[in-house]
Amino acid sequence: MKKTPGNNTKLCGYCSGQGYFQLRLGGSETCPCCGGSGKVITC
Ligand SMILES: [Zn+2]
């Protein structure tokens with residue numbers, strides 16, 4: 001079996017796979033680690 005790029009469903013540990021952070025002040029901020037995709041790219 002070959003590893004297929006793009007089929008990696010490993011979630012970003014930085015934002016718990018959400019792709020963004022929930023700010024206490026209100027609103028949300030895009031995760032700088034995964035760029036908002038929620039998946040691990042480079043971090
Ligand atoms: Zn993230």
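The values are calculated or read from the model by the stated rules, or taken from the named source; none is laboratory data. Quick caveat: nothing in here was measured; it's all calculated off a predicted structure.
Which one is modelled with the lowest pLDDT, of the residues in the range 1-26 that are among the small types (Gly, Ala, Ser) and over 12 Å from the mean Cα position of the chain (by Cα)? Spell out the reasoning first.
Keep residues of the range 1-26 that are among the small types (Gly, Ala, Ser), which gives 6, 13, 16-17, 19, 26.
From what's left, over 12 Å from the mean Cα position of the chain (by Cα): 6, 26.
On the way: Gly6: 52, Gly26: 94.
Result: Gly6.
Evaluate the range 27-43: report whether one residue or more is at pLDDT 90 or above and among the aliphatic types (A, V, I, L, M).
no
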